[in-house]
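Chemist: So that we are looking at the same thing, I have put the structure below in structure tokens.
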């Protein structure tokens, strides 16, 4: 077992901070040297630095402050600056997670250097090539040396694309590690339900931020219309922690928000986790929220035309409805009545241990073990 390996962890968004936090903690538990390279892809304090403080994570060694821009400009700037950080640090492995522009830039930068690449959450596929995230995840998988697939379904996607079996490691998803580590803390520390005068199971939670939904006026209007119908049908108000992108589009399009939808500021992780676990149903276009809802035992309705988390649908935790208002209402009514004792398909909460064990594996080791 190689314990001298140096890992560069590249991250840049709220989901990456959350999902890589168990990996960071496991590095510290094993006393493995690591460097945190933060691209700054999320550029508001609510969506970014507060997570490091709240989750008691160390400050990044590099903060690139890239911020928002077009896909090409943002990715290009990150690529150049990540490359320089990797040249400075000379790590053995660069670890990226998910499907953001930070992931793509980190993987491409490392692929041109004598640095191996580990992709956490490899093999996810929506099979929708119009999604920028699909391009990011596919390209990252194809340059990565270690493909950390969260489920057997993800691993099968990689096999179908011809990846060598030696590169594929089914680890479970680090989101399970993160939820297990933080849900009790959220219950103990968060006051968000009292602050918003919310009663558990008497409200629905909405997240909508993807470009295909909020950058298109007609789609955004249909989404809000469908959510309003849910409120009428189920007799619940809707809580919507609104992403800055979505709020800007509401103003730009002149869209009226139905009175049943309460817009609130983006929440820190523990408050958002508490909002999730107390909701009667979650309405989302976020892949990570689909996972968290499934793990927490909260019914989910996905406001997209495709999902790279089909396991949530397979176990009965999720409905894929698109943005047709009637389909949104019908999906939520169905999910409000489902039994929530489905099996969690994303693993046992030891994904971060399996990832680091694989990275530390020497050629003489015969098998991977959880340590």
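Only the coordinates and a few stated rules stand behind these numbers; no lab work does. Everything quoted here is computed from the prediction, not taken from an experiment. Using ideal geometry, Cβ is built from the backbone for each residue, glycine included, and neighbour counts are taken over all protein chains shown.
Chemist: Within 10 Å of each residue's Cβ, count the other Cβ atoms and sort 38, 71 from fewest upward. Could the numbers behind the result be given before it?
Modeler: Details: 38 26, 71 13.
Final ranking by Cβ density, sparse to dense: 71, 38.
Chemist: Order 9-19, 209-219, 52-62, 139-149 from most to least packed using the mean count of other Cβ atoms within 10 Å. Before the final figure, lay out each step's value.
Modeler: Working: 9-19: 26.2, 209-219: 16.6, 52-62: 14.8, 139-149: 22.1.
Ranking, from highest mean packing down: 9-19, 139-149, 209-219, 52-62.
Chemist: OK, next. Please label the shape of the stretch 204-283 as rounded, prolate or oblate, based on the square roots a ≥ b ≥ c of the eigenvalues of the alpha-carbon gyration tensor (a/c under 1.5 means rounded; beyond that, a/b larger than b/c means prolate, else oblate).
Modeler: Here the stretch 204-283 falls in the oblate category.
Chemist: If the chain between residue 358 and residue 248 were fully stretched, how many nm would it gain, using 0.36 nm times the residue separation less the Cα-Cα distance?
Modeler: Length gained between residue 358 and residue 248: 35.3 nm.
Chemist: Assign one of three labels to the chain, namely rounded, prolate or oblate, based on the Cα gyration tensor with a ≥ b ≥ c the square roots of its eigenvalues; rounded applies when a/c is under 1.5, prolate when it is not and a/b is larger than b/c, and oblate otherwise.
Modeler: In terms of gyration-tensor shape, prolate.
Chemist: So how far apart, in nm, are the two label points at residue 237 and residue 90 if each is 7 Å from Cα heading toward Cβ?
Modeler: 5.9 nm
Chemist: Mind checking which of 284, 191, 174 has the largest fluctuation in a GNM of the chain, springs on alpha carbons under 10 Å?
Modeler: Largest GNM mean-square fluctuation: 191.
Chemist: Apply 1/(1 + (r/R0)^6) to the Cβ-Cβ distance of residue 256 and residue 143, taking R0 = 45 Å, and write down the FRET efficiency to the nearest 0.05.
Modeler: 0.50
Chemist: Using the beta-carbon distance between residue 29 and residue 340 and R0 = 45 Å, what value does 1/(1 + (r/R0)^6) give for FRET efficiency, to the nearest 0.05?
Modeler: The calculated FRET efficiency here is 0.90.
Chemist: Rounded to the nearest 500, what is the 222 nm mean residue ellipticity of the chain from helices alone, with -39500 (n - 2.57) per DSSP H run of 4+ residues and division by all residues?
Modeler: Helix contribution divided over all residues of the chain: -14000 deg cm²/dmol.
Chemist: How many nm separate the modelled label positions at residue 63 and residue 159, each set 7 Å beyond the Cα in the direction of the Cβ?
Modeler: Once both label points are built, they end up 4.5 nm from each other.
Chemist: In nm, to one decimal, how far is the modelled label at residue 199 from the one at residue 218, with both set 7 Å along Cα→Cβ?
Modeler: 4.1 nm
Chemist: Classify the stretch 45-116 as rounded, prolate or oblate, taking a ≥ b ≥ c as the square roots of the eigenvalues of its Cα gyration tensor: rounded when a/c is under 1.5, otherwise prolate if a/b is larger than b/c and oblate if not.
Modeler: It is oblate, given that a/c is not under 1.5 and a/b is not larger than b/c.
Chemist: Just need log10 I(q)/I(0) for the stretch 182-336 at q = 0.15, 0.21 Å⁻¹, Debye formula, equal scatterers on the alpha-carbon atoms, no solvent, rounded to two decimals.
Modeler: One equal scatterer on each Cα of the stretch 182-336 leads to -0.72, -1.46.
Chemist: For the chain, take the longest principal axis of its alpha carbons; what is the angle in degrees between that and the long axis of helix 244-253, to the nearest 10 within 0 to 90?
Modeler: With rounding to tens, the tilt is 40 degrees.
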